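Participant: Please read through the structure below; I'll follow up with questions.
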Amino acid sequence: MNPPPLRTSRPRCAAAALAVAASVAAAVAFARGADAAGKSSCEVCHSKVAVAYGDSVHQNREITCVDCHGGDPTDMEITAMSHGEGFKGRPTRREIPRFCARCHADRALMGQYGLSTHQFEDYQTSRHGKAWLAGNDDAAVCTDCHGQHAILPPDDPRSTTARLQIPKTCGRCHADQALMARHGLRSDVVAQYEESAHGKAVLKGGSDAAAVCTSCHGSHTALPPGQADIPQVCAQCHRNVEETVRESPHHNVPGPIGRSACEVCHGHHTVQHPTPALLNTACLDCHPTGSSGYQTSQALFEVLSRAEKDYAQAKEALQALHERGVYVTELETRMEGANTALLEAARVQHALDRQKLEEKTVVVEAIALDVALATKHLGETLAVRRMSVGLIWAYIGLSIGFLYWKKRRLTARELGPAEPQLQAGSEEA
C-alpha cells in the first residue's frame, strides 16, 4: 500500500504572496487615488507627520514639505525621493541651525511676514550656539525648542515657546541629570525656579507678567547675565525698585555687593516673595551683628513688621465680619489703599532710609487702625442687633406660649360641667 502523498505549504505561500501583491497594488491604487484627490505623496506615506504639520505656522503660510525637504510630491512612486527630483532628505542635528537659517536669515523672504532675520546670528553668540560651533552635539538647536513639524506661534498656548510652556521647554535639557552632568552644569535650576516666587506665579497662577527663563536669559541669545548686568535684567520688570536702589548706599558699592545687590539679597532661580524677615537673614551675609549696616536692617525690620502686623490684623477682622454677612465693601476698598501703601513701603525700603520708609508705613497703619475700629463698631452693632432680635423672638415665643395656655384654660372651663353627665350616662348604660 502506497503512503498518502505529503501535503506541502505551497498553496499557503502562494496565497500569502498574492495577499502581499494585493496589498501593494492597493497601496499604489490608494496613492494614485490620493493624488487624484489632491494629496501629495508626502501626505500619503507620512500621514502622522502630515497631521502634526497641518496646524503649524508653516502650513498656515503655505510652506510645503518640498520647501524644506525637496522631492516631487506629485510622484506617487519611490522616485519622488530621488536626488534627481532635488530630494534633500532629513537634515542631521548638526545641519539644523543653518538649515533653518536658509529662510529665517533671508531678509527679503522674512520681510514678507514681518519677521526678524537675526535669530541665527544671535544664536551663534549664545551658550548654545557657541557649543554647537565647537562641535558639541548636545548643544540645543532650533528643533529642541521649537519642535519639528508641529511648530506653533508663541501666542498659541500649545506652542513650546508659549510663555507658560517656557520652563517645561528649557527643562527638557536643563532638568536632565545625565545631560547636565556631562557638561558640568546643575540640573536643579528648573526645580528651583518652579518653587520660586516667579515660578509659582507663572505655573500655578498663570501670570503673564512674572519672569520665565527667557525673561532673564534671552531666547536665541541665551546667556547667563553677568554680575554687573543683574540689576538691569531685574529692572526689566522691577524698574521702580532699581530706581530706589540708586538712592541707597548699595548703589555702586565696590566689593562683594557691587551692582549685583539684587542677587546678593534675593538669589536668582530661588527668588522668594520677600518678607521683613529677610532683613534678619540676607543683611547678615555682608553686615555682621552690631555693625551700622546691621542696625539699619533692624530699624527697617521693626518699621515694616509693625505695618504688616497692623495690616494683617485689620484684614483678618474684616474677613471675619464679611463671613458673618456684614456688608463691608467700603472697608475692603480702603484696605486696598493700605495694600498699595504697603507695596510702596516694600519698594522704599531699598533706599535704606527709615524716615522715608515710615512715611509709607504710617499710611498703612492709619488705614488699618481706622478699619479695625470700624469693624469693631460694626461687630458690636451686629451683636446688639442680634441680641435685640433674639429678645424679640423670645418675647414672641413667650406670648404665643401664654396665648396657647390661656386657650387651653378656656377650653377646659367650657368642657368641665359636661364631664359628670357623660360619666353618669355611662353608668346607667
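Computed from the coordinates by the stated procedures, all read-outs in this text should not be read as laboratory data. Here the structure is a predicted model, which means the values were calculated and not measured. Note: ideal-geometry Cβ built from the backbone for every residue, glycine included; neighbour counts use all protein chains shown.
Participant: How big is the C-alpha Rg of region 282-410 next to the rule-of-thumb value 2.2 N^0.38 Å, as a ratio? It would help to have the intermediate numbers written out before the result.
Facilitator: On the way: Rg = 25.1 Å, N = 129, 2.2 N^0.38 = 13.9 Å.
Normalised Cα radius of gyration, region 282-410: 1.80.
Participant: Further question on the same structure: Can you give the FRET efficiency for Leu343 and His183, using 1/(1 + (r/R0)^6), R0 = 51 Å, r = Cβ-Cβ distance, to the nearest 0.05?
Facilitator: Numbers: r = 41 Å, r/R0 = 0.80.
Computed FRET efficiency for Leu343 and His183 comes out at 0.80.
Participant: Same structure, new question: Hey, with R₀ at 35 Å, roughly what FRET efficiency would Gln319 and Gln236 work out to, going by the Cβ-Cβ distance, to 0.05?
Facilitator: Plugging the Cβ-Cβ distance into 1/(1 + (r/R0)^6) gives 0.50.
Participant: Which order results if Ser291, Ser159 are arranged by neighbouring Cβ count within 10 Å, fewest first?
Facilitator: Details: Ser291 13, Ser159 21.
Ascending Cβ contact count within 10 Å gives the list Ser291, Ser159.
Participant: Full extension from Lys376 to Val326: what is 0.36 nm times the residue separation minus their Cα-Cα distance, to one decimal in nm?
Facilitator: Working: separation 50, 0.36 × 50 = 18.00 nm, distance 1.20 nm.
That works out to 16.8 nm of additional length.
Participant: Sort region 47-176 into rounded, prolate or oblate with this rule: let a ≥ b ≥ c be the square roots of the eigenvalues of the Cα gyration tensor; rounded if a/c is under 1.5, and if a/c is not under 1.5, prolate when a/b is larger than b/c, oblate otherwise. Could you put the intermediate results ahead of the total?
Facilitator: Values: a/c = 1.58, a/b = 1.41, b/c = 1.13.
Here region 47-176 falls in the prolate category.
Participant: Could you sort 267-275, 176-184, 40-48 so that the peptide with the highest average Cβ count within 10 Å comes first and the rest follow in order?
Facilitator: On the way: 267-275: 15.2, 176-184: 11.4, 40-48: 16.9.
Peptide ranking by packing, descending: 40-48, 267-275, 176-184.
Participant: Can you pull out the chymotrypsin sites (Phe, Trp or Tyr not before Pro) in region 291-343 that DSSP calls coil and that have at most 10 other Cβ atoms within 10 Å?
Facilitator: Numbers: sites: Tyr294, Phe301, Tyr311, Tyr327; in loops: Tyr327.
The qualifying sites are Tyr327.
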